[in-house]
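Asks: There's a structure below that I have some questions on.
Just so it is clear, none of the values below were taken in a lab; they were calculated from the coordinates. Here the structure is a predicted model, which means the values were calculated and not measured. Virtual Cβ from ideal backbone geometry, glycine too; neighbours counted across all protein chains shown.
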Amino acid sequence: MNLINNYRNWRRYRETVNELSRLSNRELADLGISRYDIRYVARKAV
């Protein structure tokens with residue numbers, strides 16, 4: 001079961017990183033996120 005949860009968390013992390021990476025710098029700034037912070041924000045989302 002732990003393996004399945006790890007996989008789901010990894011998928012959620014990758015989806016979040018991909019979605020945030022598609023945003024423009026302006027859109028990220030509106031959210032209060034810099035491009036440098038994308039991975040950190042994605043980790044917190046999992």
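Asks: For the chain, please list each of the helices (runs of 4 or more DSSP H) lying entirely inside it that holds at least 2 residues being among the aromatic types (F, W, Y) and surrounded by fewer than 10 Cβ atoms within 10 Å (Cβ to Cβ).
Replies: none
Asks: Would you check which residues across the chain are more than 8 Å from the chain's Cα centre (by Cα) and among the β-branched types (V, I, T) and list them?
Replies: I4, I33, V46
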